[in-house]
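The values are calculated or read from the model by the stated rules, or taken from the named source; none is laboratory data. If you're wondering where the values come from, they're calculated on a predicted model, not measured in any experiment. When we count neighbours, we look across all protein chains shown, and the Cβ atoms used for this are built from the backbone with ideal geometry, even at glycine.
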Amino acid sequence: MKKTFTFVLPVLLSLASLQSFANKNPFFQQPTTGITMMRSTFLASNGNTADGNAVVFDAQYSNEVDEYDAVKLMNAGENFGVYRSGYTLSVEARSSLSDFDTVYYRMSGMLTQNYSLKIIPLNFQVYANDYTCELYDKYLNKKTLLSLVDTNTIDVKFLLDPASKATDRFMLIFKTNAVLPVNFVSVSAELGTNNSVIVRWATEEYNVKKYVVQRSADGSNFVDVGEVVSNNGAGSYSYTDQSPVSDYSFYRVLAVDNSLKTLTSNVVRIVLESAGGIKANVRLFPNPSTNHTVQVQFNQAKIGNYRVRLVSSFGQQLYAGSIRLNDTNGVQMINLPSSVRSGNYMLSVIGEDGTTNTQMLMVQ
């Protein structure tokens, strides 16, 4: 039989949920220390508490919904609970933290306004050195690294767009810190013969099984293009990609140890210049873009008209416009639509002869 514990949950939880949880834990009377718990609360723009939940991690509890969990009683206003096995809970008592443990939040009734999401870890020091925790926002496709020892405050906007209020917009993902016996000293990419790209990297390593070279057209979505077996020592490696992406290719290297844990190198980019093209004479700044504006700086470019396109990583065109270059070293300002969310995009500048310069643009 599971043991019981006693602690006082924050007032952000409904009295009904607290009473339900207390009735199932007969020693629920005085606060105690040592309980590992994650408290999550939405605060409205006026500072008032909208709703919240708590998740307790302890080996004496299970990951099934049972009498030690408190089912959430939904109200007419904002609701913010934890989803598990078909139930929305105000309080969840689950087993000890493990790799890729995930807390699935469920919300409803959120107003079209700004909120502050406070995520407060209590007594998580036992996990802080071995785990990381990320808040994943499905609407923004954004991951935020959270502290496991201090209060985290995240600004959240709920818009008229119904997708911004999706019930499953947020989740917490816990991962173990994979410490691999390898250190990437350097990673680079250079042009080879016949339009190939040579990726080179140097490491300090021990017990590494292999390296996987990955390529991307946008700097975000990578695919495997080749493998190199480790020589189990400090050394240099290279891999030749015979089919790089036109214009720009991004590369990174994954080290895989004998237990199949992986460590990723930094990302490097190489420009592939096509004959008669605009070549590498276009620069975007600031990058990342702020306030939905970006300037296109030309260097020794042809005077004339240029088309500009912004495309998402899924190929959706989000902006199309045109600019006029009257100076070979001119600068043009582009105002992006406010509907463009934070993330990575590909911005293409297309000349009158059809030649194209495509670069990754980060929007904050």
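Select, from V340, V294, the only residue that is modelled with pLDDT of 85 or more and touching a Pro at 6+ places or on another chain (Cβ under 9 Å). Spell out how you get there, then give the answer.
Working: V340 fails: touching a Pro at 6+ places or on another chain (Cβ under 9 Å).
Result of the check over V340, V294: V294.
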When segment 48-71 is checked residue by residue, the ones that are touching a strand residue (DSSP E or B) at 6+ places or on another chain (Cβ under 6 Å) and either within 15 Å of D168 (Cβ to Cβ) or among the aliphatic types (A, V, I, L, M) (or both) are A50, N53, A54, V55, V56, V65, A70, V71
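To keep it simple, each residue is scored yes or no on (1) in the same structural domain as F158 (by TED's automatic domain parsing); (2) more than 17 Å from S164 (Cα to Cα); (3) in a strand (DSSP E or B); (4) at pLDDT 90 or above.
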{"site": "D51", "(1), (2), (3), (4)": "yes, yes, yes, yes"}
{"site": "E67", "(1), (2), (3), (4)": "yes, yes, no, no"}
{"site": "M74", "(1), (2), (3), (4)": "yes, yes, no, no"}
{"site": "T88", "(1), (2), (3), (4)": "yes, yes, yes, yes"}
{"site": "A93", "(1), (2), (3), (4)": "yes, yes, yes, yes"}
{"site": "V103", "(1), (2), (3), (4)": "yes, yes, yes, yes"}
{"site": "M107", "(1), (2), (3), (4)": "yes, no, yes, yes"}
{"site": "L111", "(1), (2), (3), (4)": "yes, no, no, yes"}
The number of residues in segment 179-207 that are surrounded by 15 or more Cβ atoms within 10 Å (Cβ to Cβ), modelled with pLDDT under 85 and among the aliphatic types (A, V, I, L, M) is 3
Note on segment 74-95: residues under 25 Å from the mean Cα position of the chain (by Cα) and touching a residue at least 60 places away in the same chain (Cβ under 8 Å) are Y83
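Out of curiosity, is A189 without any contact (Cβ under 8 Å) to a residue 60 or more places away in the chain, aliphatic (A, V, I, L, M), outside the structural domain of L122 (by TED's automatic domain parsing) and not in a loop (DSSP other than H, G, I, E, B)? Break it down stepwise before answering.
Working: without any contact (Cβ under 8 Å) to a residue 60 or more places away in the chain: no; aliphatic (A, V, I, L, M): yes; outside the structural domain of L122 (by TED's automatic domain parsing): yes; not in a loop (DSSP other than H, G, I, E, B): yes.
Criteria not met by A189.
In segment 290-364, which strands (runs of 3 or more DSSP E) lie fully inside it and hold 3 or more residues that are under 24 Å from S220 (Cα atoms) and not acidic (D, E)?
Values: elements: 293-298, 304-311, 317-325, 331-335, 343-350, 356-363.
By residue number, 293-298, 304-311, 317-325, 343-350, 356-363.
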Checklist entry - Would segment 159-171 turn up any residue that is surrounded by 13 or more Cβ atoms within 10 Å (Cβ to Cβ), in contact with an Asp or Glu (Cβ under 7 Å, 6 or more places away or on another chain) and either closer than 24 Å to Y251 by Cα or not aromatic (F, W, Y) (or both)? => result yes
Take the conditions out of contact with any strand residue (DSSP E or B) (no Cβ under 6 Å at 6 or more places or on another chain), in contact (Cβ under 8 Å) with a residue 24 or more places away in the chain, over 30 Å from N141 (Cα atoms) and not assigned by TED's automatic domain parsing to the domain that holds T132 and apply them to N231. Does it pass?
no
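Going by what's in this entry, would F27 be described as assigned by TED's automatic domain parsing to the domain that holds D155, assigned to a loop (DSSP other than H, G, I, E, B), closer than 21 Å to L122 by Cα and modelled with pLDDT under 90?
On the way: assigned by TED's automatic domain parsing to the domain that holds D155: yes; assigned to a loop (DSSP other than H, G, I, E, B): yes; closer than 21 Å to L122 by Cα: yes; modelled with pLDDT under 90: yes.
Yes; evaluated as a whole, the condition is true for this residue.
Counting just the residues of segment 333-347 that are surrounded by fewer than 18 Cβ atoms within 10 Å (Cβ to Cβ) and not aliphatic (A, V, I, L, M), which one comes out farthest from Y136 (Cα to Cα)? Write out each step before concluding.
Here is the first cut: in segment 333-347, the ones surrounded by fewer than 18 Cβ atoms within 10 Å (Cβ to Cβ) are 333, 335, 337-344.
Checking which are not aliphatic (A, V, I, L, M) leaves us with 335, 337-339, 341-344.
Details: N335: 28, P337: 24, S338: 22, S339: 20, R341: 15, S342: 14, G343: 13, N344: 16 Å.
That would be N335.
Which of the residues that make up segment 113-153 are polar (S, T, N, Q) and part of a strand (DSSP E or B)?
Step one: of segment 113-153, the residues polar (S, T, N, Q) are 113-114, 116, 123, 125, 129, 132, 141, 144, 147, 151-153.
Within segment 113-153, N114, S116, T132, T144, N152, T153 qualify.
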- Task: Can you confirm whether segment 198-216 contains a residue that is in contact (Cβ under 8 Å) with a residue 40 or more places away in the chain, closer than 24 Å to S312 by Cβ, in the same structural domain as T264 (by TED's automatic domain parsing) and not in a strand (DSSP E or B)?
- Result: no
Of the residues in segment 113-151, those that are at pLDDT 95 or above and polar (S, T, N, Q) come to Q113, N114, S116
| task | Please indicate, with yes or no, whether at least one residue in segment 168-186 is in a loop (DSSP other than H, G, I, E, B), in contact (Cβ under 8 Å) with a residue 12 or more places away in the chain, in contact with a helix residue (DSSP H, G or I) (Cβ under 9 Å, 6 or more places away or on another chain) and within 30 Å of Y87 (Cβ to Cβ). | result | yes
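Tell me, which residue of segment 64-81 that is buried (at least 24 other Cβ atoms within 10 Å of the Cβ) and not small (G, A, S) is nearest to N123 (Cα to Cα)?
The initial filter retains those residues of segment 64-81 that are buried (at least 24 other Cβ atoms within 10 Å of the Cβ), namely 69-70, 72, 80-81.
In the following step, the residues that additionally are not small (G, A, S) were identified as 69, 72, 80.
On the way: D69: 20, K72: 24, F80: 22 Å.
Per the stated criteria, the residue is D69.
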